[in-house]
Amino acid sequence: MPVSPTPLHSAAALAIDARNVGRVYKAKPNPIVALDGIDLTVRPGELFGLLGPNGAGKTTLIKILTTLLLPSSGTASVFGFDVERQTSQIRRIMNIVSGGEQSGYGLLQVREQLWMFSQFYGLGVREGWRRVDELIDLVGLQEQRVQKVSQLSTGQRQKLNFARGLLNDPWIFFLDEPTLGLDVSAARATRELTLAWQAAVPGRTILLTSHYMAEVDEMCDRLAIVDRGRILAIGTPAELKHRVQSESIFRLELDRLDRGVGALARLPGVISAASVAGNDNGADGERNTILVKLVLVDDGALGPVVSALAGLDAHIVSLQKSEPSLEDVFVELVGRGFEDDLTVHQNGTGLRSAGSRPADEESVAEELAGRSR
Amino acid sequence: MTAAKGSAERTPSAARSPFVYRPTASPEEAARWEPRRILITNVRSIAGRAYPRLIGLRREPSWILFEILLPFLTTSAFVFVYRALQSPPEYIGFVVLGGAMTAFWMNVMWMMAAQLYWEKDQGNLERYFTAPMSMMAILLGMAIGGLLMSTFRAGIVLLVGTIVYGVVFSVDQWFLLLGVFVLFLTALYGLGMMLATLFVLWGREAWHLTQIMAEPVYFVSGLNFPVARLGLFGAAALGTIPLAVGLDAIRQLAFAGSTNTGSFISPEGEALLLVAMTIVFIGLARYLLRIIERLARQDGKLITRTS
Ligand SMILES: Nc1ncnc2c1ncn2[C@@H]1O[C@H](COP(=O)(O)OP(=O)(O)OP(=O)(O)O)[C@@H](O)[C@H]1O
Ligand SMILES: [Mg+2]
């Protein structure tokens, strides 16, 4: 916005440059390999996402980059500063907010707690109070200004954490599941704030981890899918989704199909046709329709199918193209679902109707099964 | 500081965005701090960390019970015993002084040493280590905040005890008394800072050790009787525990001319001992912090597992 940045001094410095980073935790029966040869580069100005199931190593990577943990092997740097040796420099230009963070002191009021943290970044006494009030307005905690920190709700608490994270105008902002446990509107507000903050100055970089596929899909310029300490794929959301789907997938709702889906599967250009369990959409009532998932070589193959349906005396009630989701990508790459992480239903719903997702996951699974046959 | 003001002046017309606070041209520039800025940040961090302690003094009334009433009751028990034994009258004064000093010791043990263990659970340790100030500033802030808080409490115990039990002090060397008291505080809180760093690494074990050690330390420190009466143990305590030395010196100075302290080191000698302790403890804390930060990052001791 108001800042006209001169180009970065050393254009070469990547915001994040991790090379073959490994991390092993000492643990009781066996050591735990949390990271296993992570190679990752993030350019200044990117919003980069790490997507992976529980225990994938996302937080571990963030703790290494934020100088809290040493890598067991490999090297990493943040804006050219080595995470092992140049911790002071990194700490001056970054900040971090984690979901469920309880930092600070419960007996302090919101304002007081932020002021305390402002002192850790060297703001002057009165300057600190001014900045704190500005950030309170920014995150929308005006009404909780003098409320005790221990009495904040989860959403208010996370706003407080965000305000803390912005105190020092970081160049790189690490967000570890920042919307964890937030309701739809609070999560959306958080995302909007994050994006607006980043857009204000070119070069501001964000590393975000999330379980919410839709969140990562919507926000990130690029992302890495991580599992068991390894990066399985890196790319833009579109690139990754493109990978799983070279074919066209349609969901077809028919009033009847007397001769079964087999009749459709034999048509030219049709890779597979399968009947799908109907939508248990209570609102629709008990409509007697048949849902078919069609996998075609390309969109052009749809024409013959539609003509053939007329010959079969079946009428199309609805036709919908299925877009692959990041979850499909995940399932394909990891070979298992994200099931226990399907918090999307509770939380990520503000992004894109979570209801449009169900068919996709099973479609890819079936597809994979079909291919291996 | 100046950066923000400067930028506001450079673009007076444009409303400053809360998203852009201290504009820097590049991360490299933002990471380059003058020694002055480093120093200022550390000094402000000390104040920042002392702040919640002072707020706590106002907001948490439970300390009245733990840090005033309990020491006062213990003190009273000893007062009655000494009276029954018809001990020399200074003994009552010794005990009241000891009771007042307990406030400092408890504060150092529970709110300095064990504090970082608790801070880690809260995730505060992570926030301290990801901020640009030195951890030494945090320890100093904890110490100074705790010290002010405890001085207030100790003052109350001393005042009440003196009035209730009619203690008569006789002080000849006020400046030395004040000096010894200040040195006692620096040595004691220096010890607290050193122990706090060990807590980062040893957490739970250190916590147990503190609990086990609390009573014996009270005993050998001679909170409720002159430490010199313990002979060799007393001498050992004088050599290592600031509480023992400080108390002995303060008793000698607050009851000038009394022979009942049984002290074998002069208050001046004890003041020197306290200076040495301050230097050793704070120096060790600094040294340990440097080693411990590395070790802790290696062993994952700074991080809180949330998942
Ligand atoms: N401090 C620790 N000590 C021992 N093992 C740990 C520690 N922290 C994490 N681990 C283990 O390392 C692995 C990676 O954990 P990490 O927290 O990095 O995963 P994550 O991707 O952030 O998971 P989540 O989505 O649940 O937050 C897990 O197996 C975890 O149990
Ligand atoms: Mg995590």
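The values are calculated or read from the model by the stated rules, or taken from the named source; none is laboratory data. Since we're looking at a predicted model, the values are computed, not measured. Because the Cβ atoms are built from the backbone with ideal geometry, glycine has one as well, and the counts that use them run over all protein chains shown. Quick note on the areas: whole protein, heavy atoms, side chains included, nothing else; ligands and nucleic acids left out. Shrake-Rupley method; radii C 1.70, N 1.55, O 1.52, S 1.80 Å.
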Please specify each residue of region A:155-186 satisfying the condition of being out of contact with any helix residue (DSSP H, G or I) (no Cβ under 6 Å at 6 or more places or on another chain) and small (Gly, Ala, Ser). A:Gly165, A:Ser185
Consider B:Pro132 against the criteria (1) open to solvent by less than 40 Å² (accessible area, probe 1.4 Å); (2) touching a residue at least 12 places away in the same chain (Cβ under 8 Å); (3) away from chain A (no Cβ under 12 Å): it satisfies all of them except one. Which criterion is unmet? (3)
Among the candidates A:Ala34, A:Ala56, which residue alone is open to solvent by less than 40 Å² (accessible area, probe 1.4 Å) and touching a Lys or Arg at 6+ places or on another chain (Cβ under 6 Å)? A:Ala34
So which helices (runs of 4 or more DSSP H) are wholly in region A:203-279 and hold at least 2 residues that are buried (at least 18 other Cβ atoms within 10 Å of the Cβ) and modelled with pLDDT of 85 or more? A:213-219, A:237-244
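Which of the residues that make up region A:46-74 are under 21 Å from A:Val329 (Cα atoms) and away from ligand 2 (no atom under 12 Å from the Cβ)?
If the condition is that a residue be under 21 Å from A:Val329 (Cα atoms) and away from ligand 2 (no atom under 12 Å from the Cβ), then A:Leu47, A:Phe48, A:Gly49 are the ones that fit.
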Region A:310-328 - residue that is of a type in the set (Ser, Thr, Tyr) and surrounded by 14 or more Cβ atoms within 10 Å (Cβ to Cβ) and, of those, nearest to the chain's Cα centre (by Cα): A:Ser325
Within region B:264-307, of all residues that are away from ligand 1 (no atom under 16 Å from the Cβ) and assigned to a loop (DSSP other than H, G, I, E, B), the one surrounded by the most Cβ atoms within 10 Å (Cβ to Cβ) is B:Ile265
Cross-chain or 6+ apart pairs with Cβ under 7 Å, region A:169-197 first and without any contact (Cβ under 8 Å) to a residue 24 or more places away in the chain, then outside any helix (DSSP H, G or I) and within 16 Å of ligand 2 (Cβ to nearest atom): none
Just wondering, is there one or more residues in region B:116-128 that are surrounded by fewer than 22 Cβ atoms within 10 Å (Cβ to Cβ), farther than 30 Å from B:Arg37 by Cβ and more than 14 Å from every other protein chain (Cβ to nearest Cβ)? yes
Return the residues of region A:173-195 that are open to solvent by less than 40 Å² (accessible area, probe 1.4 Å), within 24 Å of B:Pro23 (Cβ to Cβ) and among the aliphatic types (A, V, I, L, M); say none if nothing qualifies. A:Leu175, A:Leu193
Scanning region B:30-71 residue by residue, those at the interface with chain A (Cβ under 7 Å from one of its Cβ atoms), in contact (Cβ under 8 Å) with a residue 24 or more places away in the chain, open to solvent by less than 40 Å² (accessible area, probe 1.4 Å) and over 14 Å from A:Tyr121 (Cα atoms) turn out to be B:Pro52, B:Gly56
Any chance region B:288-303 includes a residue that's within 16 Å of ligand 2 (Cβ to nearest atom) and in contact with a strand residue (DSSP E or B) (Cβ under 8 Å, 6 or more places away or on another chain)? yes
Checking A:Ile172 against (1) closer than 29 Å to A:Ser77 by Cβ; (2) more than 9 Å from chain B (Cβ to nearest Cβ); (3) more than 16 Å from ligand 1 (Cβ to nearest atom), which single condition isn't satisfied? (2)
